[in-house]
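Engineer: Take a look at this one; I'll ask things after.
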Amino acid sequence: MAKTLPKVDVVTVGVGWTGGILAAELAKDGMKVVGLERGKERSTEDYLHGHDELRYALRYELMQDTSKETLTFRNNRKQRALPMRQLGSFLLGENLGGAGVHWNGQTYRFFPYDFEIKSMTEKKYGKGKIKDGYFVQDWGITYDELEPYYDQFEKACGISGEENPMAGKRSNPYPTPPMKSTRSLDKFTKATKDLGYKPYRIPSANLSEPYKNQYGMQINACQYCAFCERFGCEYGAKSDPVISVIPAAKESGNYEIRYHSNVTEIIYDGNKVTGVKYVDVQSGEEFIQPAEVVALTSYVMNNVKFLLMSNIGKKYDPKTGKGVVGRSYCYQILPGATGFYEEEQFNTFMGAGALGTSINDFYGDNFDHSDLDFIHGGVVSITQTGKRPIANNPTPPDTPRWGKEFKNNSIKYYTRTLTIGSQGASLPYKENFLDLDPTYKDAYGLPLLRMTYNFTQQDKNLQKYITKKAAEISEKMGASKTVPNPELTDYSIVPYQTTHNTGGAIMGADPNSSVVNNYLQHWNAENLFVVGASAFAHNGGVNPTDTVGALAYRAAEGIKKYRKNGGSLV
Amino acid sequence: MSEQEKYSRRDFLKKSGYAAGGVVGGGLIASLITMQVMEDDPKTKNSQTNGGSEDQFNDAFMFFTNRDDFRVLASSCERIFPEDENGPGAIKLGVPFFIDHQLAGPWGNNTKEYMQGPFYKGEPTQGYQSRMNRGEIFRVGIKKLKEKAQSDYEKSFQELSAEEQDKILTAFENDDVKISGTTSAEFFEMMRAATIEGVYADPMYSGNRNMEGWKMKQFPGAQMSYIGKIESDKFVDIEPQSLHSMLNK
Ligand SMILES: Cc1cc2nc3c(=O)[nH]c(=O)nc-3n(C[C@H](O)[C@H](O)[C@H](O)COP(=O)(O)OP(=O)(O)OC[C@H]3O[C@@H](n4cnc5c(N)ncnc54)[C@H](O)[C@@H]3O)c2cc1C
Ligand code: SF4
């Protein structure tokens, strides 16, 4: 029998960026907040001996233990979904701070276009431009409405950046100036300017200088140590939930984190939620934590899994196209090109997770789509995140994959390649969705989430177009040989792509086509807030976490309002 | 690359008995190196790449149980990453011991991976679906390499020429060999990946001896900070450093 604990104001399921932001905002406001985290506690001291590519980058030291929980995957409904037995395509977070500890820190805003994509597209190109089967829709909030929340998140992180001439309007400049530049970044800047584009430095959570945020938390200056993406920062220089927001929540005296606490159920009475059930994974004891407000802050996968398991909201049915929970799962695509340099050698082994320069000339509707067979686009960038030697063995095409020639070329080109990369926006499609797997179970006997996903025709067309642009930039930079990324075939769960999964519990203005309103309050349970990229109505062409953070601040405001007035907030 | 480093690399090759630019990495030579690693007294032999005459206490088996299997692995790794004018190959870098130790640990036992059934053969896009763990896959894979050498050439794998070994490995890579419970391509990919890991992982894992893997690639290892160098216009050659040396920093 599960033991029932005293009721609290708010319980969050998971303590990453979203759980941490809610805790800081709500505990400071006087609410009793409990954070349930399935993993362990950790802090900056734990990363001092962390410059170990094998352990952290390849054996996934900081990430989800898939022996306990994973998901199943298939490319389409006709296939049998099979478990993702090891991490690959994306690297799910676990332990205090979630994936916010091992992220890169590239902190872009989405663009005004993203939030009103449907209206803007139809207005300019007519109704036929959005093809059948794509659930492209406005988000129920505009960029201008979300701007103050972006501002709060960027202040919490101390983002280092500079004005991007093509982005939405900012109410304040970035809290800290951009990071240092490098020779390869300078080459990109010059080439893109020569081509008539507008380069700017990637907004970064690896800070260019020491900074104190609105909670009085200190974030230090980045050392460009190159063990950043997939690693924790031993300097406390990469903004993460553990240094930026969680200590503020703790200081209030109103916050308690329970580690090794794996939530197994959201308790729903058909009208409201009353709390959550969890298991202490070390003792095996079960508890019920009643709460006035439950916030799902467990990342896209589990946010959606909980809604499906507890039957909250109408499940998406791909046969009829009806229902919303699990619909609009999106990912991203990676157009780009690699330049091989015979004459020049670069310090590519140095760097930082968010060190780079970008252009937005091919983002959203910044270029004319009249004659193009896709909408949207993506950021195009050069980054210098620190190439490590096991994972980086670039060789010109036709080099064998092993043996003498492989050895020679992979050594030679390790410091002689520069990649122009892009993150292509991803649009919801009727056949791409999340539901519960009928066969496979997690360590607690609960069904695994099942992902049905493949790249769409829109993705393939976008990939081709942006890849061409990236290759032109690479050539302009003076590469001896430029190798464009291949055309898209089937999505594979195996190689790493991005941890930019979105959708499944999307926000919107209409309960018939969304799961949560623009405060991330569930349409079918007014005291349930579903916070994270699960709320994205589509995925934009830049990294998601600035928007995730902004939506978490928005949800925090919603919860404060709800605790005062109750009822639906819209 | 600095002149000095070029020199020491050539020097190294001379000392190790294989002329720079000469034919290295032949199967016979690879098996000779294997014999050195395996059969000579480690106290006197391994010293070139281990940088001293200290005992290498961890040059011993944690996973393998017989020398013959280990030699087949060692010869295969050497074909994947052979000694050449750039520097040492997999064997001198300690890669076979790296793999042995990895197979004995969480990676070889798939500790952090979902290993519950039912098991089905999946699409390539669905990844690892074998009911065997990596240790078991290496066992059956190496057994198959041995059988294939016998059936194709009536010799042991280590006795084959480099070309013959490559032919067999290529057949594995192309999935032309049947193995129950896994595929030859899956085994080959795993061995290829583990070989590269052993070349470049921190030397504490028993590969990348004396950081020679890093030196070849001009990767400086575990440095604390590049803040003073990140803006440099030129390529910066830095003496590598391992995690061991960060212990007291
Ligand atoms: C390698 C990598 C690089 C990235 N780089 C960038 C980048 O440069 N820019 C960017 O914008 N984004 C980046 N991201 C994405 C970013 O990390 C995520 O968007 C962000 O961390 C999401 O925050 P979250 O709070 O929604 O989820 P998470 O950080 O995943 O936190 C969820 C937490 O919930 C816990 N949890 C889950 N289920 C349960 C349960 N049942 N019971 C209890 N606890 C549970 C988890 O253990 C975890 O701690 C990157 C991600 C990765 C992996
Ligand atoms: S690159 Fe900078 S922010 Fe990233 S881990 Fe190193 S010091 Fe920290």
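Engineer: A:Leu87 - would you say it is among the hydrophobic types (A, V, I, L, M, F, W, C), in a loop (DSSP other than H, G, I, E, B), within 9 Å of chain B (Cβ to nearest Cβ) and in contact with an Asp or Glu (Cβ under 9 Å, 6 or more places away or on another chain)?
Structural biologist: yes
Engineer: So which of A:Ser252, A:Ser208 is within 16 Å of ligand 2 (Cβ to nearest atom), at pLDDT 95 or above and touching a strand residue (DSSP E or B) at 6+ places or on another chain (Cβ under 9 Å)?
Structural biologist: A:Ser208
Engineer: Consider the stretch A:225-268. How many of its residues are among the hydrophobic types (A, V, I, L, M, F, W, C) and more than 20 Å from A:Thr107 (Cα to Cα)?
Structural biologist: 6
Engineer: Hey, could you check the stretch A:216-230 for residues that are buried (at least 20 other Cβ atoms within 10 Å of the Cβ), more than 14 Å from every other protein chain (Cβ to nearest Cβ) and not hydrophobic (A, V, I, L, M, F, W, C) and say which is nearest to ligand 2 (Cβ to nearest atom)?
Structural biologist: Filtering the stretch A:216-230 for residues that are buried (at least 20 other Cβ atoms within 10 Å of the Cβ), more than 14 Å from every other protein chain (Cβ to nearest Cβ) and not hydrophobic (A, V, I, L, M, F, W, C), the one nearest to ligand 2 (Cβ to nearest atom) comes out as A:Glu229.
Engineer: Going through A:Ile559, A:Ile473, A:Ile466 one at a time, which residue ends up being more than 26 Å from A:Asp365 (Cβ to Cβ), in a helix (DSSP H, G or I) and away from chain B (no Cβ under 14 Å)?
Structural biologist: A:Ile559
Engineer: Quick check on the stretch A:206-241: of everything there that is of a type in the set (Ser, Thr, Tyr) and part of a loop (DSSP other than H, G, I, E, B), which residue is nearest to ligand 1 (Cβ to nearest atom)?
Structural biologist: Result: A:Ser239.
Engineer: Of the conditions (1) within 18 Å of A:Glu37 (Cβ to Cβ); (2) away from ligand 1 (no atom under 11 Å from the Cβ), A:Ser261 clears all except one; give me its number.
Structural biologist: Checking A:Ser261 against (1) within 18 Å of A:Glu37 (Cβ to Cβ); (2) away from ligand 1 (no atom under 11 Å from the Cβ), the one that fails is (2).
Engineer: Let me ask another. Go through (1) at the interface with another protein chain (Cβ under 9 Å from one of its Cβ atoms); (2) more than 15 Å from the chain's Cα centre (by Cα); (3) exposed (fewer than 15 other Cβ atoms within 10 Å of the Cβ) for B:Ser130 and report which single condition fails.
Structural biologist: Failing condition for B:Ser130: (3).
Engineer: The conditions are (1) within 16 Å of ligand 1 (Cβ to nearest atom); (2) among the hydroxyl-bearing types (Ser, Thr, Tyr); (3) more than 14 Å from chain B (Cβ to nearest Cβ), and A:Tyr331 fails exactly one of them. Which is it?
Structural biologist: (3)
Engineer: Another question, if that's okay. Identify all residues within the stretch A:1-32 that are closer than 21 Å to A:Ala99 by Cβ and either aliphatic (A, V, I, L, M) or more than 9 Å from ligand 1 (Cβ to nearest atom) (or both); write none if there are none.
Structural biologist: Answer for the stretch A:1-32, where residues must be closer than 21 Å to A:Ala99 by Cβ and either aliphatic (A, V, I, L, M) or more than 9 Å from ligand 1 (Cβ to nearest atom) (or both): A:Val11, A:Val13, A:Val15, A:Ile21, A:Leu22, A:Ala23, A:Ala24, A:Glu25.
Engineer: Restricting to the stretch A:363-389, what's the tally of residues that are away from ligand 2 (no atom under 16 Å from the Cβ), crowded, with 21+ Cβ neighbours inside 10 Å and either without any contact (Cβ under 8 Å) to a residue 40 or more places away in the chain or assigned to a loop (DSSP other than H, G, I, E, B) (or both)?
Structural biologist: Total satisfying the criteria: 7.
Engineer: Continuing with this model, one more query. Hey, can you tell me all the residues within the stretch A:175-205 that are away from ligand 2 (no atom under 16 Å from the Cβ), more than 12 Å from every other protein chain (Cβ to nearest Cβ) and either aliphatic (A, V, I, L, M) or not in a strand (DSSP E or B) (or both)?
Structural biologist: Passing the criteria: A:Phe188, A:Thr189, A:Lys190, A:Ala191, A:Thr192, A:Lys193, A:Asp194, A:Leu195, A:Gly196, A:Tyr197, A:Lys198, A:Pro199.
Engineer: A further question on this structure: In this structure, is B:Asn86 more than 10 Å from chain A (Cβ to nearest Cβ), in contact (Cβ under 8 Å) with a residue 24 or more places away in the chain and of a type in the set (S, T, N, Q)?
Structural biologist: no
Engineer: Output the residues belonging to the stretch A:20-62 that are within 19 Å of A:Asp280 (Cα to Cα) and in contact with a strand residue (DSSP E or B) (Cβ under 7 Å, 6 or more places away or on another chain).
Structural biologist: The answer is A:Val33, A:Val34, A:Gly35, A:Leu36, A:Glu37, A:Arg38.
Engineer: Something else now. Being among the aliphatic types (A, V, I, L, M), surrounded by fewer than 23 Cβ atoms within 10 Å (Cβ to Cβ) and under 20 Å from A:Asn311 (Cβ atoms) is the filter; apply it to the stretch A:431-461 and report the residue that is nearest to the chain's Cα centre (by Cα).
Structural biologist: Among them, the one singled out is A:Leu436.
The values are calculated or read from the model by the stated rules, or taken from the named source; none is laboratory data. None of the values given here were measured: they were computed from a predicted structure. Because the Cβ atoms are built from the backbone with ideal geometry, glycine has one as well, and the counts that use them run over all protein chains shown.
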